[in-house]
Every structure is written in structure tokens, then in C-alpha cells.
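Please read the structure below before turning to the comments.
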Amino acid sequence: MFSFDYRQPADMDSLPLLDAAELRRRVIRAVDGGWRMLAFFGLPETARPGAPAGLCCVLAHDATRTLAALRTPPLEQFPSLTPDCPQAHYFEREMYEQWGLEPVGHPWLKPVRRAPDAEGDGESAAYPFYRADGDEVHEVAVGPVHAGIIEPGHFRFQCYGENVLHLEIALGYQHRGLEAMLAAASAYGPAQTTARRLLLLECAAGDSSVAHATAHCVLWERLTGQDVPERAWLLRRVGLELERLANHCGDLGAIAGDTGFLPTSSWNGRIRGDFLNMTASVCGNRFGRGLLRYGGTAHDLCPEECEDLTTRLRAAGRDARGAVDIMLDAASVRDRLNGTGALNRADARALGLVGVAARACGLPLDARFHAPVSDLPGTEPCLEQSGDVLARALVRSREMDDSLALVEADLSRLAARTGARTAATPPAPPSRLPARKLAVAQVEGWRGEICHLAVTDAEGELLACKIVDPSFHNWPGLALAMRNGQISDFPLCNKSFNLSYCGHDL
Amino acid sequence: MLRIIKERLHQKYRTLDYPRQKPALSPRYLGRPTLANVECGDCRACFEACPTGALLPDPAGPDGRARTPVLDMGRCIFCGACRAACPKGAFRFSGEHRMAVFRREDLLVSAAPDPQADAPAPAYEPPFPPRDYSLFRRSLKLRQVSAGGCGACEADCNVLGTLAYDLGRFGIEFVASPRHADGLLLTGPVSENMRRALLDTWAATPKPRLLAVVGACAISGGLFRDSPQCRNGMDGLKGTQGTDDLHVDLFVPGCPPNPWSILDGLLSLRRKN
Ligand code: SF4
Ligand code: SF4
């Protein structure tokens with residue numbers, strides 16, 4: 001298998017062309033041997049629209065920080081990997097939908113992003129929902145417009161009494177054609193292309209703006225060999241960890257809300273805002289829009305600003321800790337969370353889960369640890385073993401402490417070294433990309449590992465720009481976690497995963 | 001129990017007495033643009049920098065000379081690229097969070113006719129509603145519909161329910177069903193896959209009803225303008241089949257709008273001449 005260091009772009013020409021059966025054999029063997037599927041997608045032969053596409057699979061071996069890539073010549077059908085490698089299940093469905101490559105023998109070949117009742121599309125009108133039959137089996141359909149202020153998606157439960165036999169999650173309502181827009185960005189001229197792609201990715205999933213922007217910048221920097229000053233890494237990490245703090249804090253509040261533990265629910269809503277407002281102090285936008293630039297950042301902090309942020313960080317950190325602790329110490333809350341929506345480690349691994357959901361099952365997956373983007377000292381993954389809502393809450397709670405410590409340390413380093421080259425004068429973006437390269441960026445967003453991938457052709461044009469949000473891996477995990485649970489557990493279980501609809505739908 | 005009470009005392013009372021008290025926003029927050037009148041010559045820097053086509057050539061130039069363009073807040077994502085690109089400093093952002101308007105054309109911001117570059121910008125006067133919304137003065141129930149977009153606009157609507165903003169004290173609430181609602185609040189560029197669900201939800205909302213559109217996406221498609229998978233928000237949806245009775249009552253620009261901008265917008269429906 002052709003393998004390379006995770007930070008280095010790979011030469012497309014050194015990737016042997018395998019036939020589909022050989023690729024299948026090698027990928028399955030690698031996954032059995034501890035490799036993980038980062039992306040599996042259709043790779044067109046040329047940048048021309050509608051060009052024939054082959055398969056390309058990128059695998060990661062976390063312990064050795066090594067990546068591997070495999071590809072085939074253009075094809076129309078291939079033997080599905082899914083029966084022997086469930087990690088491929090969702091990717092193969094996407095491949096069929098997006099590139100028309102048919103995984104023969106796929107057990108569950110359904111659309112990924114086309115909404116089941118999209119208008120004017122007779123085929124999708126009959127979305128083949130799974131149905132359980134039986135006298136007392138009933139079906140519950142929810143969405144796309146939900147009861148709260150949330151993004152749209154459709155959930156279909158097969159229930160026996162209160163018991164959920166099966167949950168099917170049909171998404172695609174948020175599909176904006178993001179990957180096509182990324183490719184089309186080059187039509188806006190060289191000055192605009194890079195800026196536009198970055199803006200689009202900041203909106204890939206609005207609650208993970210900094211993480212997606214970081215992934216995109218890292219991808220481009222790796223592709224072009226651009227160095228990034230340490231100061232910029234510090235600022236980027238401040239943005240990334242504030243994003244994690246805001247969302248973990250909000251999620252714990254939401255879990256409290258669905259448990260009926262209202263004090264923490266209302267306090268955390270406010271404290272989440274404090275973290276967002278700190279991000280706004282860095283770049284003007286509460287979601288970190290506009291913080292990053294290719295090769296650096298667009299904003300810098302002076303010592304007084306660092307000091308002010310540190311004071312606010314400590315206060316918000318204290319408030320968050322207090323609010324979360326009384327919740328996690330309450331026997332009634334623990335009883336509600338304990339054992340609810342449990343996933344076991346083997347299933348989590350087989351499905352290829354990432355992020356909080358994977359760590360809650362004891363899988364040591366944290367891209368900050370196994371694929372660090374910079375040389376800054378980092379953290380260890382926070383693990384829990386029970387795989388239930390409680391474990392997912394505890395992972396978040398402990399990660400908040402780590403993030404608070406990281407941001408505080410980074411702010412003090414930023415304050416101490418103002419003489420250093422300012423981060424806010426990034427280099428001009430590259431006017432062209434190197435030819436025939438494959439680069440990968442893995443960034444641990446607050447939900448989990450975000451993976452961006454780019455392949456260039458002989459002219460340095462983009463052949464593929466693949467975005468894999470952690471939600472793409474984890475939605476099937478939520479469906480599995482609900483199996484044999486009570487339907488009334490769904491809101492709580494859903495909050496404990498808190499997956500992105502738009503990050504999935506792109 | 002005692003610990004909870006102790007923690008409650010520590011967490012204090014945190015609701016801002018809005019609109020009497022002004023929220024403290026980051027000095028780096030851009031807010032409402034104010035434009036200065038400059039002579040552009042052949043310069044096209046801002047047009048080239050703007051990622052959403054929010055800048056329109058000023059049609060009013062009587063002497064035929066190019067002047068500061070008009071900025072369409074309905075398309076603007078407040079990225080500040082125009083400010084960075086303009087060599088003459090035509091673009092400024094005032095930090096003013098009150099940006100909601102009642103008519104699409106009121107989102108167009110042009111330079112003050114008098115090119116007094118150094119004069120301080122006059123205090124912003126928000127517009128008055130062109131229609132009588134007194135029916136919703138004391139109780140306004142909205143159903144939120146998210147149709148494409150990135151989820152950040154939704155997040156900033158959601159926080160209005162938290163205790164910092166406490167939307168409920170104004171009698172405004174987000175409700176679970178369109179049947180219980182006085183109107184819809186739309187976010188997102190209206191993805192092809194959400195179009196029908198949006199129109200169904202609108203049809204299920206009893207009259208009299210109002211429609212608020214929040215965010216660049218919902219107004220004009222924002223960054224997703226002209227994606228084949230989206231409908232360019234209300235700009236693109238209006239006039240298409242099945243949308244005859246869609247009338248927008250409130251526009252809140254931003255990407256995403258600050259929560260205070262959204263709250264101000266909802267409250268502005270009650271403003272009286
Ligand atoms: S701030 Fe608005 S008008 Fe200016 S470049 Fe950005 S999107 Fe365009
Ligand atoms: S207007 Fe901006 S923040 Fe709102 S949904 Fe669209 S991209 Fe997201």
C-alpha cells in the first residue's frame with residue numbers, strides 16, 4: 001500500500017492504479033489491521049465536468065501518523081466493500097449518488113443527500129424507507145421541519161410500543177452544492193478563488209467555522225508548502241478551542257434541558273454566548289468568520305486584549321464548571337443519562353465513528369493528538385468507556401477543562417511575544433497549485449475530526465475537493481444508538497451527539 | 001439542593017434591560033455600513049473583492065463620473081473585504097447593530113450625497129413599520145424554518161431564548177407548529193430540497209401572518225447565490241410558482257446577524273410613529 005506522512009502531499013503518479021477487486025482486498029485488510037477510512041470518493045480523470053471517475057480511498061493509521069491512498073482507473077461498477085467493511089457503507093452511497101459509481105452488492109443503496117420528497121423527482125418521491133411489519137408495529141415520522149429551531153432532517157422510527165426497533169435518518173434538505181461551488185470558485189479569477197473557497201468553508205457548518213477554515217487553510221498550506229508563523233498557530237488555536245468551549249458548553253446545557261434539569265440548561269445558554277463573544281473580540285464575528293487566512297490569520301491581539309480575554313475566559317470557565325458540576329453531581333441527572341443510547345466500542349469502530357462519540361466508547365481518536373496541525377504542545381484524548389449519553393457528557397465536560405487551559409496558555413504566550421512577527425499579514429495566496437498532488441488535512445473540530453482533501457491534475461487544477469464533516473461518519477452511529485431504546489430517549493440521545501445537518505449535506 | 005441554590009446565587013441575574021440599555025459589542029464587530037462619497041475613477045477594487053456581488057454601481061451619478069457604489073446589505077456577508085480593498089476609504093462600518101428594515105429596497109445603503117469626509121456620521125434612525133402590526137404587539141408567536149444555510153443564523157435565533165436576551169419577556173416566542181404561529185421566520189437560501197417544505201409550512205400558518213427573513217442567505221442567497229441547488233432566498237423565490245401570497249414583512253441582514261440585530265428587528269415591528 002502506498003503510504004506517506006500525514007503532513008506531506010502525496011504524488012499522484014506514485015499511486016499505482018489497482019483494479020477494483022484489488023483495492024477492495026487491500027482496503028479491507030488494512031481496516032482489519034487498524035487503519036481507518038478517512039475518505040472514499042470518486043476521482044474524475046480530468047477536471048472536465050462529467051469526466052469518467054475511478055475510486056480513490058484514503059486511509060489513516062493513527063498510531064504511526066501515516067496515511068495511505070489507493071485508486072483505480074475510471075469504472076462504472078465495483079464490488080461493494082460494505083458487507084465486509086461497514087465504514088465504507090455511507091461513502092459508497094455517496095459515491096453512487098454523486099459520481100454514479102455503483103457499488104455492486106451494497107446492502108442499503110439509498111440516497112444520502114437527496115431529500116425523500118423533493119419535488120419533481122419521481123424516483124426520490126418513493127424513498128425506500130425501511131419498514132418493520134407486524135400487528136403492533138407503528139411508524140413515527142418527524143421532520144424535515146422540526147419543533148425547535150434546528151436544521152431540517154427527516155427521522156423515521158419503527159416502533160413496537162415505546163421501543164424503537166429501527167431508526168432511519170434521511171438527510172439532504174440542507175444540500176447547497178458546496179463541493180461544486182468550491183470547484184467553481186476558480187471562475188472568479190485568481191484573486192478571488194482562495195478567499196471565496198475559505199468563505200464557503202466557513203459556512204460548511206456554521207457552528208464549526210473555525211475548524212473548517214483551519215482544515216482548508218492547512219490543506220492549501222500543505223499543498224503549496226507554505227509555512228505558518230507560530231503566532232498564527234496560537235491565534236488559530238484560540239479560535240478553535242473557543243469554538244469547542246462554546247459548543248461543549250451549549251451541548252451540556254441542552255442535555256440538561258432534555259433531562260429537565262433547568263438551572264444548568266439556562267446558565268449554559270448564557271455562558272456559551274460568553275465564549276462566542278470572546279471569539280467576536282478576536283475577529284468581530286461570534287462564529288469566528290474571517291479569523292483565518294491562507295498562511296496566517298486576519299487578526300492579531302495586543303497584550304491588553306489578551307489580558308482582557310484571559311479575565312473573561314476565567315470567569316466564563318468558572319461559571320461553566322459550576323453549572324456543569326451541579327448537573328453531573330445530581331443523582332437524578334446521572335440516572336437519566338446512565339445507559340441511555342449506549343453504543344459499544346466494536347460497533348463504533350466498525351462504523352468509523354469519530355470525535356466525542358468515538359471517545360465516549362473508549363476509542364482514542366482525537367486529531368489534535370494523532371494528527372496535530374502545528375508543533376504547539378497539545379492534549380491527550382479524553383476517554384470514557386460506557387458509550388452512553390453520560391459518557392458523551394463526561395467527555396465534553398473534561399474537554400472543557402483542557403480547552404480552558406490551552407486557551408489560557410496560548411493567550412499568555414501571545415501577550416508575552418508581541419515583538420514577534422504579527423500574524424495578521426498573511427502571504428498572498430498561491431496563483432496556482434502544484435500538479436498531480438493529493439493532500440489531506442485533519443482537524444479536530446468540537447464534534448470530531450474534519451477531513452479535507454484535494455487532488456490536482458497535471459495543470460494544477462482541482463480534480464477533487466472532498467469535505468468530510470464528522471457528522472458524515474456519526475449520523476449512522478446515532479441511528480444505531482437508538483436501536484432498542486425508548487423513543488422518548490431520542491431528543492436526549494440526539495443532543496448528546498449533536499450532529500450537523502449542513503455539515504453532512506454540504 | 002443547597003449547592004444548586006449557592007450556584008444560582010453565583011450565576012446572578014444576567015438579562016440585559018434591552019432596548020433601554022445598549023449591548024456591549026466587540027469593537028471589531030462591523031455592524032451597519034456607512035459609505036463616504038468618493039470619486040472612483042477607473043478603480044474597481046471593491047467590486048472585485050466583494051464575494052457576494054453586494055456592491056452595485058451607483059446609478060445616480062449626474063456628472064457621469066463613477067462614485068462610491070451602493071452597498072446591498074441584503075447580499076452583504078459583512079466580510080470587510082471592500083473596506084480593505086478601497087484605496088480611498090469609502091467603506092466604513094459603524095458598529096451599529098440595528099439593521100432590520102421593512103422593505104427590500106431599504107437594504108441598499110448609498111453614500112451621503114454631501115462628501116464631507118470628516119463630518120461624523122449622523123446618528124442612525126431606524127425606520128418605522130409601513131404597516132400596522134399592532135395585532136402582534138403583545139403576543140407574537142413565530143415558527144422558524146431553516147432552509148439551507150449553515151446553521152449559524154438558527155443558532156443566533158435560538159440564543160434569543162436564553163436568559164441574556166429573554167425573548168419571552170416581550171411576548172415573543174418560537175413555537176413548535178406553524179398552526180400555532182403568527183408568522184414564519186426564515187433562514188437559509190432555500191435549498192431545492194427544502195422549497196416544498198417551506199411552502200407547506202407557510203400554507204399551514206393561519207392568516208393574518210407575517211414573514212421575517214433573517215440573514216444574507218434568506219434574503220438573497222448570500223454566499224450560496226447562484227448555486228444550482230439553492231433558490232437565492234426570497235430574492236429568487238418571489239414570483240415563482242406557489243409563492244403568490246409570500247410577502248416579506250421584516251428583513252434582518254447579516255451573516256449571521258448578531259442576536260441583538262434579530263431582537264431589535266422583531267421589536268421594531270412595534271415601533272410607532
Ligand atoms: S463587506 Fe459586504 S459589501 Fe463589502 S466586500 Fe464583504 S460582502 Fe461585499
Ligand atoms: S446568512 Fe450566513 S450565517 Fe446565515 S445561514 Fe447563510 S451563511 Fe449561515
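Laboratory data are not the source of any read-out in this text; all were calculated from the coordinates shown. These numbers were taken from a predicted model, which means no experiment stands behind them. Heads up, the Cβs are rebuilt from the backbone with ideal geometry, glycines too, and the neighbour counts pull from every protein chain shown.
Out of all Cα-Cα pairs in the stretch B:78-195, roughly what percent, to the nearest whole number, are more than 18 Å apart?
Everything past 18 Å amounts to 69 percent.
In whole percent, what relative contact order does chain A give with Cα contacts below 8 Å and a gap of six or more residues?
18
Cut-off is 10 Å between beta-carbons; in what order do A:Trp267, A:Trp220, A:Trp108 appear when sorted fewest neighbours first?
Ascending Cβ contact count within 10 Å gives the list A:Trp108, A:Trp220, A:Trp267.
Output the Kirkwood hydrodynamic radius of the stretch A:208-327, Cα pairs only, in Å rounded to one decimal.
15.1
Can you spot the aspartates and glutamates whose alpha carbon is less than 20 Å from B:Lys22's alpha carbon? Ignore those fewer than 8 places along the same chain.
Here the aspartates and glutamates satisfying the reach criterion relative to B:Lys22 are A:Asp274, B:Glu96, B:Glu125, B:Asp156, B:Asp166, B:Asp264.
Would you compute the Debye intensity of the stretch B:192-273 from its alpha-carbon atoms alone, equal scatterers and no solvent, and pass along log10 I(q)/I(0) at q = 0.12, 0.17, 0.20 Å⁻¹ to two decimals?
Rounded to two decimals, the profile gives -0.38, -0.75, -1.00.
Quick check on the stretch B:134-268: what are the equivalent-ellipsoid semi-axes from the Cα gyration tensor, as sqrt(5λ), descending, whole Å?
Each semi-axis is the square root of five times an eigenvalue, giving 23, 17, 12 Å.
Taking 1 over the mean of 1/r across every pair of different Cα atoms in the stretch A:2-104, what Kirkwood radius in Å do you get?
Taking the inverse mean of 1/r over all distinct Cα pairs, the stretch A:2-104 comes out at 13.8 Å.
Amide H of B:Leu142: which non-local residues (sequence gap of 5 or more, or other chain) have their own amide H closer than 5 Å, using H built in the peptide plane?
Under 5 Å from the amide H of B:Leu142 lie the amide H atoms of B:Glu173, B:Phe174, B:Val175, B:Asp182, each far enough along the sequence or on another chain.
I'd like the Kirkwood hydrodynamic radius of chain A, using the inverse of the mean 1/r over distinct C-alpha pairs, in Å. Intermediate values should be presented prior to the final figure.
On the way: mean 1/r = 0.0428 Å⁻¹.
Its Kirkwood hydrodynamic radius stands at 23.4 Å.
Check the straight Cα-Cα distances from A:Lys466 and name the lysines below 23 Å, setting aside those fewer than 8 residues away within the same chain.
Within the straight-line limit of under 23 Å, A:Lys466 reaches these lysines: A:Lys110, A:Lys437.
Given bins 10 angstrom wide, list per bin the percent of all Cα-Cα distances in chain B, short to long.
6, 28, 33, 21, 10, 2, 0, 0
B:His10 label point, 7 Å along Cα→Cβ, cut-off 12 Å on backbone N: hits in the stretch A:307-330?
Under 12 Å, as judged by backbone N against the label point of B:His10, lie A:315-327 of the stretch A:307-330.
Would you kindly calculate the mean projected area, averaged across all directions, of the convex hull enclosing the Cα atoms of the stretch A:209-462, in square nanometres?
Quarter of the Cα hull surface area: 13.8 nm².
At 222 nm, what helix-only mean residue ellipticity would chain A give, in deg cm²/dmol to the nearest 500, using -39500 (n - 2.57) for each DSSP H run of four or more?
Counting only the DSSP helices, I get -14000 deg cm²/dmol.
At 222 nm, what helix-only mean residue ellipticity would chain B give, in deg cm²/dmol to the nearest 500, using -39500 (n - 2.57) for each DSSP H run of four or more?
-5000 deg cm²/dmol
What's the center-to-center distance, using Cα atoms, between the stretch A:307-338 and the stretch B:196-273 in Å?
That distance is 37 Å.
How big is the equivalent ellipsoid of the stretch A:360-471 along its three axes, where each semi-axis is √(5λ) from the Cα gyration tensor, reported in whole Å from largest to smallest?
After scaling each eigenvalue by five and taking roots: 31, 24, 9 Å.
For the stretch A:144-267, list log₁₀ I(q)/I(0) at each q in 0.11, 0.16, 0.18 Å⁻¹, using the Debye formula over Cα point scatterers of equal strength and ignoring solvent, two decimals each.
Here log10 of I(q) over I(0) equals -0.62, -1.03, -1.13.
Report ³J(HN,Hα) in whole Hz for each residue of the stretch A:297-302, in order, from the Karplus equation J = 6.51 cos²θ - 1.76 cosθ + 1.60 where θ = phi - 60°; Gly and Pro get x.
9, 9, 9, 9, 10, 8
Quick one: what are the phi-derived ³J(HN,Hα) couplings along the stretch A:234-251, Karplus 6.51/-1.76/1.60 with θ = phi - 60°, whole Hz, x for glycine and proline?
My calculation for the stretch A:234-251 gives 4, 5, 4, 6, 4, x, 5, 6, 5, 4, 5, 4, 4, 6, 4, 4, x, 5 Hz in order.
Give me A:Arg48, A:Arg398 sorted ascending by neighbouring Cβ count inside 10 Å, so fewest comes first.
Numbers: A:Arg48 10, A:Arg398 15.
Result, fewest neighbours first: A:Arg48, A:Arg398.
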